[in-house]
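Structure first, then comments.
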Amino acid sequence: MHDLLVTWLGVIVVAAPTVQVLILGGCALAGLALPERVIGRLVQTCMFTGLGASLGMLALMLTFGTRMEILSLGNWVDIPEYHFMLRFEFDRLSIPFALLTFALCGTVGAFANRYMHREPGYARFFCVYALFVFGMIIATLAGSIETLFAGWEMVGLSSALLVAFFHERPSPARNGLRVWSVYRVSDAALLLASIALHHVVGSGDFGHILENRSWPDGHAASAITPQLAFLVGLLLLLSAMGKSALVPFSGWLPRAMEGPTPSSAVFYGALSVHLGAFLLLRFSPLLDVSPGLAITTTVIGVATTVLASLAGRVQTDIKSALSFASMAQVGLIVAEIGLGLRYFALVHILGHACYRTLQFLRAPTLLHDYSLIENAMGQRVRNSQGSFDASRVRPGLSRWLYRFSLERGYLDALLTDYIVRPMLGLFRTCERWERQWTALLSGRRIESPRPDLPTGPEDFR
């Protein structure tokens, strides 16, 4: 009876967002325009169903005193050097994240149903929103690193698409591309970590990597030495840095505010921005093996908090200020993980996600209320939050600190000058060599572009 309940509840938890994606995505591909009322009811039904099944799984585990339940959907790939079993884990880490995902996505879905009313991209928004929910559930309940990577990719894709939601304007499309570029670095690091773990442990299943123990009592497999734990942990940390906007990849988070307010709330205030911290919590046994990795994680978390706290004090719009506030809290959470405070970090994530979601959803009406108050008073409302005041900045350290905060730590400029431009120059050089080589083999001449003209791929179209 127990195993049957676990199977059915687990299937319902995974199936609820799957059905939502299939219906909304299938109708979009078929060109069927569903009414707004139908889309709203479908979203709420799927969210309530998934939330109820997750609560049922939690109650079942508390009743029987189990710390981890496994839902296995079969071995999908089985060759001598590699196998992939689709399995989901329900433990003290994944169930709180599943409950958080369904609760907050249901709240944001109800808010977006009114907020996006009569928006031309209403159906498109909820299609991408459904993909995000599906990716979050897959990633948080994943029982193997391959399954986690699949959910990780869906979350990243949906995030970038919703940043560029208002694609008729150049700024959202440009910022969506930048977010996607940072996510590519994060995804590459996670993929390399997956390959390394497969090579050492022989499997991507968390049961083999963490010796079949539930979180947070898992231990790294005996084959993972301290040196290997440090190298793999650095790859996982790099992946978390890109996804959670940690230093030096912090510049994309305020740019992501170009998307609609509901997506900003659920992505960058609640769920997506905490997915990097979730990854570090899932692989936290590696921090126990490598003290150097734990110290590096703590330092990056503290540096992110300091930078976000300074930059947030000079912001002039509410969504950017909230984005830096989220970044500061995520930095604290990562520092707590590095210090070994796993339960404390988990509780911090749950509380911060709920609080920040409500702040983002309140932001539009807050601006409206401030406008009414100022119209009634006949003057601006004085800021009493203790933020930087440019008129009171004195020469010296305070002026440098003000400029440092205003430029957001110069991180965007450093990445552009020392990473983006050299890589772009290398790719353009390789492209020029390729064209010269193919021209030589084909027996035709190709003229070199004039030095005063751009040398990008667009010149050869």
Residue count for segment 258-288, restricted to those that are at pLDDT 90 or above and either aromatic (Phe, Trp, Tyr) or touching a strand residue (DSSP E or B) at 6+ places or on another chain (Cβ under 6 Å) (or both): 2
Test residue 46 against the stated conditions and say whether it is in the same structural domain as residue 206 (by TED's automatic domain parsing), more than 25 Å from the chain's Cα centre (by Cα) and under 19 Å from residue 158 (Cβ atoms). no
Scan segment 29-48 residue by residue and report those that are in contact (Cβ under 8 Å) with a residue 12 or more places away in the chain and assigned to a helix (DSSP H, G or I). 36, 39, 40, 42, 43, 44, 46, 47, 48
Exactly one of 24, 51 is touching a residue at least 40 places away in the same chain (Cβ under 8 Å), farther than 28 Å from residue 199 by Cα, in contact with a Phe, Trp or Tyr (Cβ under 9 Å, 6 or more places away or on another chain) and crowded, with 21+ Cβ neighbours inside 10 Å, and that one is 24
Failed item in (1) in a helix (DSSP H, G or I); (2) more than 25 Å from residue 88 (Cβ to Cβ), with residue 235 passing the rest: (2)
Does residue 199 fit the bill of being surrounded by fewer than 16 Cβ atoms within 10 Å (Cβ to Cβ) and either in contact (Cβ under 8 Å) with a residue 24 or more places away in the chain or not assigned by TED's automatic domain parsing to the domain that holds residue 255 (or both)? no
Looking across segment 103-139 at residues that are among the charged types (D, E, K, R) and part of a helix (DSSP H, G or I), the single one that is surrounded by the most Cβ atoms within 10 Å (Cβ to Cβ) is 124
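Conditions (1) touching a Lys or Arg at 6+ places or on another chain (Cβ under 9 Å); (2) among the charged types (D, E, K, R); (3) more than 18 Å from residue 281 (Cβ to Cβ); (4) not in a helix (DSSP H, G or I), marked per residue:
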| site | (1), (2), (3), (4) |
| --- | --- |
| 175 | yes, no, yes, no |
| 180 | no, no, yes, no |
| 186 | yes, no, no, no |
| 195 | no, no, yes, no |
| 198 | no, no, yes, no |
| 211 | no, yes, no, yes |
| 223 | no, no, yes, yes |
What are the residue pairs meeting all of these: first residue in segment 65-83, first residue closer than 22 Å to residue 9 by Cα and assigned by TED's automatic domain parsing to the domain that holds residue 198, second residue at pLDDT below 85 and not hydrophobic (A, V, I, L, M, F, W, C), Cβ atoms under 7 Å, and 6 or more apart or on different chains? 67/214; 68/214; 75/83
Evaluate the following for residue 310: is it in contact with a helix residue (DSSP H, G or I) (Cβ under 6 Å, 6 or more places away or on another chain), surrounded by fewer than 21 Cβ atoms within 10 Å (Cβ to Cβ) and farther than 30 Å from residue 288 by Cα? yes
If we scan segment 149-163, do we find a residue that is more than 17 Å from residue 279 (Cα to Cα) and surrounded by fewer than 16 Cβ atoms within 10 Å (Cβ to Cβ)? no
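The values are calculated or read from the model by the stated rules, or taken from the named source; none is laboratory data. If you're wondering where the values come from, they're calculated on a predicted model, not measured in any experiment. All Cβ positions, glycine included, derive from the backbone under ideal geometry; neighbour counts span all protein chains shown.
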